[in-house]
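To start, the structure under review is shown below, and the notes come after it.
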């Protein structure tokens, strides 16, 4: 059984305290339900408790945990449905211009729901982009994809999310700059 | 670098992060100082990023989650490692499991409430020994059934005589994907190695998992647990325990 003790003095409980919140929010953004997000978070720490000792570089704990959770999410989804492959044209990732007021007009649950409507290949990268203070290099490690692909997925995912917010936010929530410049 | 290039790069900029240390990002940030229109766009971009991040960060974390993780790990620490020959058997079982999983991957209907998902979730929660799942403790099955009644849950379970005769450990009424589940934990004594041999019975309305097995029990390994699943009347049952198919069959007659 892995003690889970880190060089900075963190034992298993300390590790859980530090990361269970961000891991849960990452899982919730991916899975969309409290039950699945809780299960994914618990499963991640369960795997840490049994296999975490194999990690040689303690600086990589955070990346390891997020990588494991993402892998478990993919395993869970594979059992249920095979995702259709989404391909977007180059034009699709041009950012629509939305205002902070539009975002603020929506509650957190709605924003998470819209994030869940973003094409699946972009969701994880986009979630890490917004939620975590991971560098692009760390996001690439977590998702196991090249750095350029991370940036491309974030750009496209961001464009989709902002378009969804634009379509969902009430008109009174503010106008986009495109509309302002048209006027 | 012109303003259009700077905007493309800065679209990936996150205020308050270490992104500014990136040389291309730093060059684009310099461009902001020279171009008022770009500066206005950049200010709005940062505000939108901050607003979306704040919304996602506002997702509440279940209050009991941390405790479940820590308690689950403590219980797992008491699991006795398997001896060598058992590992070989486990490897053989893994091959069978892999084959079955491949079959399921290509044959499972695209629904959230698949039976396989329900069974796996229940078995995995036991495997992690999530004690908080046990909401009441009693060695008497009658007490556990009374607890279900008190929680407006059914008690007309069609359990075998072998299961009915076992002393209880406790029970829990909870939900899975917003559907009620009753869990009955039974004490089957200890095995040859002296390890406690608990049985977990999960009961779910069969309408929730229409692809569940029929009256004849189906056996499936989930992690280090064997499961037997069947349906009687309007209820689907999952029995999970350490052991093999034959061990579980003893409780189904």
- Checked the range A:137-151 for anything buried (at least 18 other Cβ atoms within 10 Å of the Cβ) and within 12 Å of another protein chain (Cβ to nearest Cβ); matches are A:138, A:139, A:150, A:151
- Task: Return yes or no: is residue B:154 under 19 Å from residue B:233 (Cα atoms), touching a helix residue (DSSP H, G or I) at 6+ places or on another chain (Cβ under 8 Å) and in contact (Cβ under 8 Å) with a residue 24 or more places away in the chain?
- Result: yes
- Task: Taking the options A:11, A:57, A:39, A:3, name whichever one is modelled with pLDDT under 90, in contact with a helix residue (DSSP H, G or I) (Cβ under 8 Å, 6 or more places away or on another chain) and surrounded by fewer than 19 Cβ atoms within 10 Å (Cβ to Cβ).
- Result: A:3
- Note on the structure: When the range B:144-153 is checked residue by residue, the ones that are surrounded by 11 or more Cβ atoms within 10 Å (Cβ to Cβ), in contact with a strand residue (DSSP E or B) (Cβ under 9 Å, 6 or more places away or on another chain) and farther than 12 Å from residue B:185 by Cα are B:147, B:148, B:151, B:153
- Task: Please state which of the following conditions residue B:188 fails to meet, knowing it meets all the rest: (1) at pLDDT below 90; (2) closer than 21 Å to residue B:212 by Cβ.
- Result: (2)
- Query: Is it the case that the range B:65-79 has a residue that's under 30 Å from residue A:102 (Cβ atoms), modelled with pLDDT of 80 or more, under 20 Å from the mean Cα position of the chain (by Cα) and at the interface with chain A (Cβ under 10 Å from one of its Cβ atoms)?
  - Reply: no
- Query: What about residue A:115, is it modelled with pLDDT of 90 or more, buried (at least 16 other Cβ atoms within 10 Å of the Cβ) and over 23 Å from residue A:62 (Cβ atoms)?
  - Reply: no
- Before we move on, is residue A:155 within 23 Å of residue B:41 (Cα to Cα) and facing chain B (nearest Cβ under 8 Å)? yes
- Query: Going through the range B:221-253 one residue at a time, which ones are touching a residue at least 24 places away in the same chain (Cβ under 8 Å), assigned to a strand (DSSP E or B) and over 13 Å from residue B:121 (Cα atoms)?
  - Reply: B:228, B:229, B:231, B:232, B:235, B:236, B:237, B:241
- Query: Going through the range B:39-63 one residue at a time, which ones are buried (at least 17 other Cβ atoms within 10 Å of the Cβ) and within 12 Å of residue B:13 (Cβ to Cβ)?
  - Reply: B:41, B:42, B:45, B:48, B:49
- Out of B:119, B:196, which single residue is within 14 Å of chain A (Cβ to nearest Cβ) and under 25 Å from residue B:247 (Cα atoms)? B:119
- Message: Any residue at all in the range B:28-41 that's closer than 22 Å to residue A:135 by Cα, without any contact (Cβ under 8 Å) to a residue 24 or more places away in the chain and under 43 Å from the mean Cα position of the chain (by Cα)?
- Response: no
- Message: Considering only residues that are surrounded by 13 or more Cβ atoms within 10 Å (Cβ to Cβ) and free of Cβ contacts under 8 Å to residues at least 12 places away in the same chain, which ones fall in the range B:13-25?
- Response: B:17, B:19, B:20, B:22
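The values are calculated or read from the model by the stated rules, or taken from the named source; none is laboratory data. Quick caveat: nothing in here was measured; it's all calculated off a predicted structure. Cβ coordinates were reconstructed from backbone atoms using ideal geometry, including for glycine residues, and neighbour counts include every protein chain displayed.
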